[in-house]
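Comments concern the structure below.
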Amino acid sequence: MIRLALIIGFLSIASLVQSQDAAVYPEREVFFGMRVLTIEGGHIMPRQSNVWNTALITISDNKIYKGFSTSTFDVMYNVDEGKLLPDRSQFSGDVLYTYRNGKVYKGDSNFPLDVVYTFKNGYIYEGNQEVVFDILYTVEGEISIPELYGILLCLELI
């Protein structure tokens, strides 16, 4: 009976770990209890949660939605060719942030002084830094550009 309980427990934990797309941790603290965000199936949820109705935002078809929704009324942002735009806007004058070559720029820019964050090798750095002491957050797992914007939004960095 104890073996059966242990096997079921192990399989449950293994399925949770495998179904998780990505996780975000503060600085370089990659410990389960230190997790800040969980990204799974396009949903960004707080801490270790894997319950979709706790989603802070949902990402689908390069759009960022409020909470656990993909309703056209809940569109917060649109991501087009690495550019973060409000709602369903397509105008270049509305670009809030631009992602190019691992850098997040303010507005529609690629000027070095406009770099707000650097995302490289799973680490989010402030500004144009890539020094280990300047790591703000660690992202464990593969993420898309819309998911990176979603993470920055949930962490109130942008």
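Structure summary
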| read-out | value |
| --- | --- |
| P(r), alpha carbons of region 21-154 - 10 Å bins starting at zero, rounded % | 14, 41, 35, 10, 0 |
| Helix 145-154 axis, angle to the chain major axis (alpha carbon atoms, nearest 10°) | 80 degrees |
| Within-9-Å neighbourhood charge of residue 110 [Cβ basis; K, R +1; D, E -1] | 0 |
| Folded to 0 to 90 degrees: helix 2-19 orientation relative to the chain principal axis, Cα | 10 degrees |
| Farthest toward positive dipole pole in the chain [+1 Lys/Arg, -1 Asp/Glu at C-beta], among 64, 52, 42 | 52 |
| About the Cα centre, charge dipole magnitude for the chain (Lys/Arg +1, Asp/Glu -1 at Cβ), debye | 360 debye |
| Cα lying deepest toward the dipole's positive end in the chain, options 131, 107, 150, charges on Cβ | 150 |
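Each reported figure results from applying straightforward, stated rules to the coordinates on display, with no laboratory input. Just so it is clear, the model here is predicted, and its values are computed rather than measured. Please note: Cβ atoms are built from the backbone with ideal geometry, for glycine as well, and neighbour counts cover all protein chains shown.
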